[in-house]
Amino acid sequence: MKSRPEGGHRPGRRAFHRAALATLMFPILARAQRGGADSPLRAIYMYQGADRDAKLLSEAKKEGQVVMYTSLNLKDSVPITEAFEKRTGLKVELWRASSEKVLQRGVTEARAGHYAPDVFETNGPEMEALYREQLLEEFYSPHFKDLPPSAFPKHRHYVADRFNFFTIGYNTNLVKPDQVPASYADLLKPFWAGKVGLEDGDVDWFGAMVKSMGDEKGLAYFRQLASMKPQIRHGHTLMAELVASGEIPLVADIYNHNIERLKVKGAPVDWKALDPTFGRPNAIGVAKHAPHPHAALVFTDFMLSPEGQELIKKRHRVPSSRAVHTKLNDFPFQMIDPVITLDEDEKWDKTWTDMFLNGRKPSKKGKKK
């Protein structure tokens, strides 16, 4: 297994999305020159015959390898790809960077007529942008039956293989059982003034929450929350560590798996899913012009299989499959609509920064998932 991490400065998520959206306004003619509506690989990707698995693996062995562009960090992605190599005998070439860099490289290479990746695996908004660029193809996997409806976009050109869920996370030494909020409205109680933390870049969560409440009520709620003087920090991992240390008693928009990782190590922390609970899907898809299409599908099957999903669970992340039991997804939830990030970003960004950051932009750091 070869891995090639990407280093260096990375643009902020929202700044990059605006740049990406600008590039997505390419003439239809240019897109047509890159390929028609369906790729020649669609027949491979959608095949459902009784001999599917054996046929795919046989052809994949002739291809010899699979190339994946992913934002899943190396400490989590390497053990998964090594398990795949051991099971199939196929080699994995892994290029890992921030989700923004995955999108940027995929689009840039394709526009130059260079098609290197077989598989993309990264955040939902970036996968949606890759779909809009016609770089993904619809595919079938027998493991789709184990996935919830929320794992699939309407066009089905990618599917969630893991989730990041926004929950509250709190320090159990500082927050007594009877003080744990039962609803987001509880965070407006005087007790929580100055004790709540917010991650400074979660604009898509903010937009989803406001929409779910109704714009008028939602904006009124967050104005009240802003008046409670929440502590603003950058980075979900950092936020979890600050909760564990007691610097921030409770965070309103923490990834539950970040809290769970600390909890299993003995930290005095816990998390709770409130209604509504929103998630960011991290998704996997096969490239429309994959050099190794059979290997691409074999790898994607593995990632969505109970074995692959158990490996995701073992890394203290949230698998999308219902065939793998974990309390980290055992509650009602909704997915954040990628439209909030890709098409309505400026609107929600301005409202969020005016409300919580006094117009200051959050830290200019790319997010790796």
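The values are calculated or read from the model by the stated rules, or taken from the named source; none is laboratory data. Quick caveat, the model's predicted, so the values are computed rather than measured. Heads up, the Cβs are rebuilt from the backbone with ideal geometry, glycines too, and the neighbour counts pull from every protein chain shown.
Residue-by-condition table, conditions (1) outside any loop (DSSP other than H, G, I, E, B); (2) more than 19 Å from V119 (Cβ to Cβ); (3) in contact (Cβ under 8 Å) with a residue 40 or more places away in the chain; (4) not assigned by TED's automatic domain parsing to the domain that holds R233:
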| site | (1), (2), (3), (4) |
| --- | --- |
| F139 | no, no, yes, yes |
| P153 | no, no, yes, yes |
| Y170 | yes, yes, yes, no |
| V175 | no, yes, yes, no |
| A182 | no, yes, yes, no |
| A185 | yes, yes, no, no |
| G207 | yes, yes, yes, no |
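Taken over segment 57-102, the criterion of being of a type in the set (G, A, S), assigned to a helix (DSSP H, G or I) and either touching a Lys or Arg at 6+ places or on another chain (Cβ under 9 Å) or not assigned by TED's automatic domain parsing to the domain that holds I284 (or both) is satisfied by S77, S99. Candidates in segment 209-237 are the residues that are modelled with pLDDT under 95 and in a helix (DSSP H, G or I); of these, the one that is surrounded by the most Cβ atoms within 10 Å (Cβ to Cβ) is H236.
For V119, the conditions (1) more than 18 Å from A296 (Cα to Cα); (2) crowded, with 20+ Cβ neighbours inside 10 Å; (3) not polar (S, T, N, Q) all hold with the exception of (1). From the set of residues in segment 155-168 that are of a type outside the set (K, R) and part of a loop (DSSP other than H, G, I, E, B), which is surrounded by the most Cβ atoms within 10 Å (Cβ to Cβ)? It comes out as Y158. Here G64 clears all of (1) at pLDDT below 85; (2) surrounded by 10 or more Cβ atoms within 10 Å (Cβ to Cβ); (3) over 28 Å from the mean Cα position of the chain (by Cα) except the condition numbered (1).
For segment 264-369, list the helices (runs of 4 or more DSSP H) that sit wholly inside it and hold at least 2 residues that are at pLDDT 90 or above, in the same structural domain as T122 (by TED's automatic domain parsing) and under 30 Å from D51 (Cβ atoms); which are they? Give the steps one after another, and end with the answer.
On the way: elements: 293-304, 306-314, 338-342, 345-356.
Correct list: 293-304, 306-314.
Across segment 123-137, the qualifying residues are those that are assigned to a loop (DSSP other than H, G, I, E, B) and not polar (S, T, N, Q), and the one among them that is surrounded by the most Cβ atoms within 10 Å (Cβ to Cβ) is L135.
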